[in-house]
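Written below as structure tokens is the structure these notes are about.
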Amino acid sequence: MSKQTVFLVGATGETGESILRALLDDGSFEVTCFIRTASAHKPSVQRLKDKGLKVVFGELSDSTENLANLLVGIDTVILSIFAFDVGVEASLIQAASMARVKRFVPCGFGTPCPRGGVMALRDLKEVVHDQIFTLHLGYTIIDVGYWYEISSPRVPSGKFDYAIMVPRNKVIEGGTAPNMLIAKKDVGAITARIIKDDRTLNKRVYVCGDILTQNEINSIVEEKTGEKLELTNETTADVRKDLDQMNRAVQDDPSNLAHKYRLSNAQYNLSKYVRIDNTPEIAEYLGYIDGRKLFPDYVFQKFSDFVNDLAAGRVQRPYPHVSL
Ligand SMILES: NC(=O)c1ccc[n+]([C@@H]2O[C@H](COP(=O)([O-])OP(=O)(O)OC[C@H]3O[C@@H](n4cnc5c(N)ncnc54)[C@H](OP(=O)(O)O)[C@@H]3O)[C@@H](O)[C@H]2O)c1
């Protein structure tokens, strides 16, 4: 049987690496990695070449005709680009339609949330979805909950500090909001399953490995480490104050990446802990189908097992180039 051809944009990123690894492990895909020309000399790109992978270069802003030439014979396009760049893929979407790509997986892999001013990133992503729908292009929108890697509090001994980018020691609104969570490695593995399955064509699909409140996360960490967490409490008013502050900080210095991450984090806090959007119920309300039911044999890592990895020094800190 011929292999499914996949054009992956963002293969050297956090989620993209997870997707690439899963596609290669699966063995039934032929992967082309699209790399922007300016990044051609990065060591991460050299590593792709060293693996013998097909790498093509260009810009997402290239002409539709040029991008369509790169997409000849491609079944599936997957985008997993820098979140703040979402919106630059209009020409690629046109090109995918022109080249008769069967399925376009836009840059998703986040938490479900309605459009309309809650999370700027969600609003950008929904504009991209509209571009796909306008062309009647085959699609699958995949959302996965929030990564375990950015969901853990720090412990007083400091033994998690090597891997924790954002310590979650602020308990918001009593810590009782359930949230869908996932290990980053499972994002790639389940994406490989999803794009092989016709039931997910022209659908929004959600998956997750666990559904936990902050209080449950904190109990698991305390139980596993035997350490008493140092926690503070935040209210909805604190979340909104933080949002206002970060909005102002980004307006004052739009090029400051740390400010953008903090603003995004504040918007996530509003969506996850105040509005409680990141749940199966809201995902289904928004029209998603439950990927856990489609792939009941797929075993997601549980958060408690992730904490074992964290304690054993087996977790990589996401975004090593970003300090907050
Ligand atoms: N569920 C969660 O908890 C969670 C957490 C984080 C992210 N996400 C989501 O996952 C998705 C991917 O984000 P990420 O943080 O994994 O990505 P990332 O690590 O920032 O990786 C970005 C990748 O895209 C490439 N890239 C960036 N801008 C590009 C552009 N304009 N044109 C072409 N390639 C470009 C980068 O390559 P070069 O820069 O080397 O060219 C890199 O390979 C986003 O939708 C984000 O919202 C979800």
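The numbers here are math on the coordinates, done by the rules we state, and not lab data. In this text, all values refer to a predicted model and were calculated from it rather than measured experimentally. Glycine also receives a Cβ, built like all others from the backbone with ideal geometry; neighbour counts cover every protein chain displayed.
Taking loop as defined by DSSP and a crowding limit of 13 other beta carbons within 10 Å, which trypsin sites (Lys or Arg not before Pro) in region 206-246 fit? Could the numbers behind the result be given before it?
Details: sites: LYS224, LYS228, ARG240, LYS241; in loops: LYS228.
Hits after loop and neighbour filter: LYS228.
Restricting the count to DSSP beta bridges whose residues both fall in the chain, what percent are antiparallel, rounded to a multiple of 5? Walk me through the numbers on the way to the answer.
Details: 3 of 34 bridges.
For the chain, the DSSP antiparallel bridge percentage is about 10.
Could you work out how much longer the chain between ASN247 and ASP25 gets when fully extended? Use 0.36 nm per residue separation minus the Cα distance between them, nm to one decimal. Can you show the working numbers first?
Working: separation 222, 0.36 × 222 = 79.92 nm, distance 4.14 nm.
So the chain would gain 75.8 nm between ASN247 and ASP25.
Contour minus end-to-end for ASN66 and TYR319, with contour as 0.36 nm per residue of separation and end-to-end as the Cα-Cα distance? Present the calculation step by step, with values, prior to reporting the outcome.
Working: separation 253, 0.36 × 253 = 91.08 nm, distance 3.13 nm.
Difference between extended and current length: 88.0 nm.
Which of the chymotrypsin sites (Phe, Trp or Tyr not before Pro) found in region 140-245 are in a DSSP loop and have at most 11 neighbouring Cβ atoms, other than their own, within 10 Å?
Details: sites: TYR146, TRP147, TYR148, PHE160, TYR162, TYR206; in loops: PHE160, TYR162.
Passing sites in region 140-245 are TYR162.
Taking R0 as 30 Å, what's the FRET efficiency between THR213 and TYR162 from their Cβ-Cβ distance, rounded to 0.05?
On the way: r = 26 Å, r/R0 = 0.86.
Efficiency, from the Cβ-Cβ distance: 0.70.
Give me the distance between the Cα centres of region 77-103 and region 38-58, rounded to whole Å.
19 Å
I need the Debye-formula profile for the chain: one equal scatterer per C-alpha, no solvent, reported as log10 I(q)/I(0) at q = 0.12 1/Å, two decimals.
Taking Cα atoms of the chain as identical point scatterers yields -0.85.
Rounded to the nearest 10 degrees, what's the angle between the helix 257-269 long axis and the longest principal axis of the chain, both from Cα atoms, 0 to 90?
Taking Cα atoms only, the helix is inclined about 70 degrees.
Taking a quarter of the surface of the convex hull around the Cα atoms of region 139-272, what do you get in nm²? All intermediate terms of the calculation are to be shown ahead of the outcome.
Values: hull surface 39.5 nm².
Its average projected convex-hull area is 9.9 nm².
Run through the DSSP bridge list for region 164-306 and note the antiparallel percent, rounded to the nearest 5. Walk me through the numbers before you get to the answer.
Working: 3 of 9 bridges.
The antiparallel fraction comes to roughly 35 percent.
Quick one: angle between helix 14-26 and the longest Cα principal axis of the chain, in degrees between 0 and 90, rounded to 10, please.
Roughly 60 degrees between the two axes.
On full extension of the chain, what length is gained from SER304 through THR235, given 0.36 nm per residue of separation minus the C-alpha to C-alpha distance? Working shown, then result.
Numbers: separation 69, 0.36 × 69 = 24.84 nm, distance 2.67 nm.
Separation in residues times 0.36 nm, less the Cα-Cα distance, equals 22.2 nm.
At 20 °C and 1.002 mPa s, grab the translational diffusion coefficient of region 43-90 from Stokes-Einstein with a Kirkwood Rh over Cα pairs, rounded to a whole number in µm² per second. Kindly include the intermediate steps, with their values, before the conclusion.
Numbers: Rh = 12.6 Å.
The estimated diffusion coefficient comes to 170 µm²/s.
Do any trypsin sites (Lys or Arg not before Pro) in region 1-78 lie in a DSSP loop with no more than 16 other beta carbon atoms within 10 Å, and if so, which?
Values: sites: LYS3, ARG21, ARG36, ARG47, LYS49, LYS51, LYS54; in loops: LYS3, LYS51.
Sparse-neighbourhood loop trypsin sites (Lys or Arg not before Pro): LYS3, LYS51.
Springs between alpha-carbon atoms under 10 Å, Gaussian network over the chain: tell me which of GLN94, GLN301, GLN46 tops the mean-square fluctuations.
Of GLN94, GLN301, GLN46, the most mobile in the Gaussian network model is GLN46.
With the cut-off at 17 Å, report for region 103-146 the share of all Cα pairs above it, as a whole percent. Intermediate results must be reported in sequence, preceding the final value.
Numbers: 271 of 946 pairs.
Here the tail beyond 17 Å accounts for 29 percent of pairs.
Semi-axes, largest first, in whole Å: what does sqrt of 5 times each Cα gyration tensor eigenvalue give for region 214-324? Provide the component values of the computation, followed by the final result.
Values: eigenvalues 154, 97, 56 Å².
The three semi-axes for region 214-324 are 28, 22, 17 Å.
Given +1 on the Cβ of Lys and Arg, -1 on the Cβ of Asp and Glu, and no further charges, what dipole in debye does the chain carry about its Cα centre, rounded to the nearest 20? Present the calculation step by step, with values, prior to reporting the outcome.
Numbers: 39 positive and 41 negative charges, 104 e Å.
Dipole magnitude for the chain comes out near 500 debye.
Apply 1/(1 + (r/R0)^6) to the Cβ-Cβ distance of GLU284 and LYS49, taking R0 = 30 Å, and write down the FRET efficiency to the nearest 0.05.
Working: r = 42 Å, r/R0 = 1.41.
That pair, GLU284 with LYS49, gives E of 0.10.
Using θ = phi - 60° and the Karplus relation 6.51 cos²θ - 1.76 cosθ + 1.60, list the HN-Hα couplings for region 199-204 in order, rounded to whole Hz, with x at every Gly or Pro.
So the Karplus estimates, Gly and Pro as x, are 5, 9, 6, 6, 9, 8 Hz.
Checking the table LYS3/LYS272; LYS185/LYS224; LYS170/LYS293; LYS224/LYS293; LYS260/LYS302 against a 28 Å threshold on Cα-Cα, which pairs fail? Please report the intermediate quantities before stating the final value.
On the way: LYS3/LYS272 39 Å; LYS185/LYS224 21 Å; LYS170/LYS293 33 Å; LYS224/LYS293 30 Å; LYS260/LYS302 30 Å.
Distance filter (> 28 Å) returns LYS3/LYS272; LYS170/LYS293; LYS224/LYS293; LYS260/LYS302.
Determine, from the Cβ-Cβ distance of LYS42 and ALA258 and an R0 of 22 Å, the FRET efficiency 1/(1 + (r/R0)^6), rounded to the nearest 0.05.
Values: r = 21 Å, r/R0 = 0.97.
Plugging the Cβ-Cβ distance into 1/(1 + (r/R0)^6) gives 0.55.
For the chain, what does the helix formula give at 222 nm: sum of -39500 (n - 2.57) over DSSP H segments with n ≥ 4, over the residue count, nearest 500 deg cm²/dmol?
Details: 12 runs with 124 residues, N = 324.
Value at 222 nm, helices only, nearest 500: -11500 deg cm²/dmol.
For region 1-77, evaluate the Debye formula with one uniform point scatterer on each Cα (no solvent term) and list log10 I(q)/I(0) at q = 0.18, 0.22, 0.27 Å⁻¹, rounded to two decimals.
-0.72, -1.06, -1.43
Mind listing the long-range amide H neighbours of ILE141? Cut-off is under 5 Å, sequence gap 5 or more, other chains count too, H placed in the peptide plane at 1.01 Å from N.
Amide H neighbours of ILE141, under 5 Å, 5+ apart: LYS203, ARG204, VAL205.
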